[in-house]
Amino acid sequence: MRMKSAAAMIVLGGVWACAGGGSTPSTRVGASPSPAPGVSVTVGQQFTLHAGETAAVGGASARVTFASVASDSRCPSGVQCIQAGNAAVILNVSTGGGAPRPVTLNTGTQPHEVPLGSNVLRLVALAPQPPAGGTMEPSAYIATLCVCRQ
C-alpha cells in the first residue's frame, strides 16, 4: 500500500509542478492571446510576447502589443545559409494613454530599436526560426523585447 501512496504522491507532485503551483512569476508576459489586465514589466527588464499579447511598461507609461510578423526571411532551422536573413516584427505602441502607433522592428536589419520617451524599445530576438520547407503559424512567434534606458 505504501508503494501505491508514494507513486500517487509523485504523480500529483508532478502535476502540481507543471501547473505552476508554488512557482514565482517570470518575465514571460501573458499566457494566452488575451492577457489579463494589469500585466506589466519594468524598464530595463527583458520580456516575451506571443503575437496578440500586450505588456504595460511601468516607468515608461507605455503599452506594447505584438501585432504580427510582416515578413520572415531568416535562415530556416536545420539549414546552413550564406546570410542570416531578416524578420520584420510589427508592434503597436502607445505612450501616456495615447492612441497606439505601429512600429516595425527587425531582427537582421535596421531598425532594431526605436525611441520610447527617454528610453528605447528594442527587439532582442524572435523565436522560433522558420521551419525548412514549411510555413509558420502566426501565433507560434514569440518576440523578446526590452524597454531599455538609452
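Assorted remarks:
- Test: residue in region 95-107 that is touching a residue at least 40 places away in the same chain (Cβ under 8 Å), out of contact with any Leu (no Cβ under 7 Å at 6 or more places or on another chain) and surrounded by fewer than 18 Cβ atoms within 10 Å (Cβ to Cβ): no
- Some residue of region 55-69 being modelled with pLDDT under 90, within 30 Å of Pro130 (Cβ to Cβ) and not in a loop (DSSP other than H, G, I, E, B): no
- Gly44 vs. criteria under 25 Å from Cys148 (Cα atoms), at pLDDT below 95 and under 19 Å from the mean Cα position of the chain (by Cα): yes
- Test for Gln110: is it surrounded by fewer than 16 Cβ atoms within 10 Å (Cβ to Cβ) and at pLDDT below 90: no
- Picking from residues in region 116-139 that are without any contact (Cβ under 8 Å) to a residue 24 or more places away in the chain and outside any loop (DSSP other than H, G, I, E, B), the one that is surrounded by the most Cβ atoms within 10 Å (Cβ to Cβ) is Ala125.
- Test: Gly78 is under 15 Å from Arg149 (Cα atoms) and open to solvent by 60 Å² or more (accessible area, probe 1.4 Å): no
The values are calculated or read from the model by the stated rules, or taken from the named source; none is laboratory data. Predicted model, so just to flag it, every value in this text is computed and none were measured. Neighbour counts are summed over all protein chains in view; Cβ atoms, including those assigned to glycine, are modelled from backbone coordinates with ideal geometry. Protein only, heavy atoms only, side chains kept; ligands, DNA and RNA dropped before computing areas. Shrake-Rupley method; radii C 1.70, N 1.55, O 1.52, S 1.80 Å.
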